[in-house]
1. Kindly write out, for region 235-247 in residue order, the coupling ³J(HN,Hα) from the Karplus curve 6.51 cos²θ - 1.76 cosθ + 1.60 (θ = phi - 60°), rounded to whole Hz, with x marking Gly and Pro.
2. With viscosity set to 0.890 mPa s and temperature to 25 °C, compute the Stokes-Einstein D of the chain, Rh being the Kirkwood radius across alpha carbon pairs; µm²/s, no decimals.
3. Given R₀ = 22 Å, what would the calculated FRET efficiency be for ASP352 paired with ALA135, taking r from the Cβ atoms and rounding to 0.05?
4. Can you tell me the 0 to 90 degree angle between the C-alpha axis of helix 260-282 and the longest principal axis of the chain, rounded to 10?
5. How many nm separate the modelled label positions at ARG235 and TYR112, each set 7 Å beyond the Cα in the direction of the Cβ?
6. How far, in nm, would the chain grow between ARG429 and LYS210 when pulled straight, counting 0.36 nm per residue and subtracting the alpha carbon separation?
7. Amide H of ARG304 versus every other amide H placed in the peptide plane: which residues, excluding those fewer than 5 positions away on the same chain, fall under 5 Å?
8. Using the Karplus equation 6.51 cos²θ - 1.76 cosθ + 1.60 (θ = phi - 60°), what ³J(HN,Hα) coupling, rounded to whole Hz, does each residue of region 392-399 give in order, writing x for Gly and Pro?
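What follows draws every value from the coordinates through simple rules; no lab data is involved. Since we're looking at a predicted model, the values are computed, not measured. Don't worry about glycine lacking a Cβ; one is built from the backbone with ideal geometry, like all the others, and counts go over all protein chains shown.
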Amino acid sequence: MYKSQPYSQIAFEDFNQPMGLKMNPKNRWIEKAEWIPWAELEKGYAKNFRNQKGNVAKPLRMALGALLIQIEYGYSDEETVLQIQENPYLQFFIGLPGYQEEKPFDSSTMVYFRKRLDAVTLTEINEKITDYALAKDKENQDNDNDTDDDTDSNDSGNAGTLILDATCAPQKIKYPTDTELLNEARTHAEKMVDDICETNGFSKPRMYRKKARKDYLSIVRRKRKSAKWLRPKIRKLLGYVRRDIDYIKGYLEHGIKLNEKQQKIFEVICRIYDQQKEMFDKKTHSVKDRIVSFSQPWLRPIVRGKAKAKVEFGAKLDLSIDSNGMARIEKTSFDAYNEASVLVQAVRRFYDRNGRYPERVLADKIYRNRENRSYCKIRGIRLAGPSLGRPKKDQTRDKEIEYRDNADRVEVERGFSLLKRCFGMENIRTKLRETTLTTIALSVIAMNVDNINRNRLRSFFGQLKNRKKSCLVLLNFSPFQISPIVQ
């Protein structure tokens, strides 16, 4: 059950400070708490608890606040609880009425926080935080507004800028190899056979465990593995796994039933064997929906073509940034997809939020296909970038507009850098599919709250434009003499 807490929207003046403790009201965690509509978020969160019996659940501010603190610092569940216990500013951020020396909750509760705040709920929370911050900043800002930008409005009524790009959120897993996957499948199958035999009083069949272990170690310990030497070894590992699968299928035919956990493990074992056998027979290293982790079989290899890592293992996502510098997740998938299919959806969501289409869309080459260019042209949207095909003879290029588009599009790359360096998206450690999506959504919320607190949302692109002008005047250079990277 859930009960609304009277201190969900507690102010700093109401926070109970013990004798001798004097907290700074300008602390970043106190300021961040002011930019989040805790009371409004709690009303939507309370609707998820329809049962009026059982233990009282923790309030939303405590759940969301603890997860944001964990994302900010990259703590484990245990360390997050200890840091909150020792820090009064963090206790204020999660909504405690005053400083206390006891733990606010057990570390195991963090798992339930991640499960209750799923990706869909966090997407709604991100929108509410954005709307609240925009409304509050509009009330607080002065009447003088020197951030007019002629590139963000035109005669058709379109206004604003939408930046769009895709990236991968790598998962913390061991680098996948055929040898490791087959060995994990074999060991799990052997354990399953042992459990079945012990439960039903059967004698254990011959599975050649020591010989299989010896063959596996001979592959792992060899530094250089030629294809001619490795192929017979892989054949042996496949044989060990096939023998164990046959034993389990024989038990199932005689009426033995597996529990839910064993059934899932057995399905993964069979899929790994089928994929590895198919690649072995066809002498290839690719297969559809290839499993790269036994414990997380939903992960897929995502080819990004980057210099650091050409292939990453995790969820692929499209991130959009609007004129206020607020980031939103447009699509998340564990399977590879074409980014161009996301542009129309992102533009439609922009229209739903603002009541009109953006004046320009900044995206890289893969988004500028014929369908997307035609969609934007009909609606008066300028899709930045050169047109398709060969350039026309009488075509003239506006280098100043191209320079500004390239410089502004870098903001989404900056967002990826912040998400991966500062907000935990570079190395996701959650083990479940749904909690992985939760972690990705939390990273975006944490970055938005941090940007709101730092920049106060006062016309991001206007500040960017003024900063460019002052820099160019100071250096006495034309905009074409400075590359976007240096700028």
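1. 4, 5, 4, 4, x, 4, 5, 4, 5, 5, 5, 5, 4
2. Numbers: Rh = 26.5 Å.
This corresponds to a translational diffusion coefficient of 93 µm²/s.
3. Numbers: r = 17 Å, r/R0 = 0.79.
Efficiency computed from Cβ-Cβ geometry: 0.80.
4. 90
5. 5.5
6. Working: separation 219, 0.36 × 219 = 78.84 nm, distance 3.26 nm.
Contour length minus the Cα-Cα distance gives 75.6 nm.
7. When sequence neighbours closer than 5 places are left aside, the close amide H contacts are VAL311, GLU312.
8. Once rounded to whole Hz, the list reads 6, 5, 8, 6, 10, 9, 8, 5.
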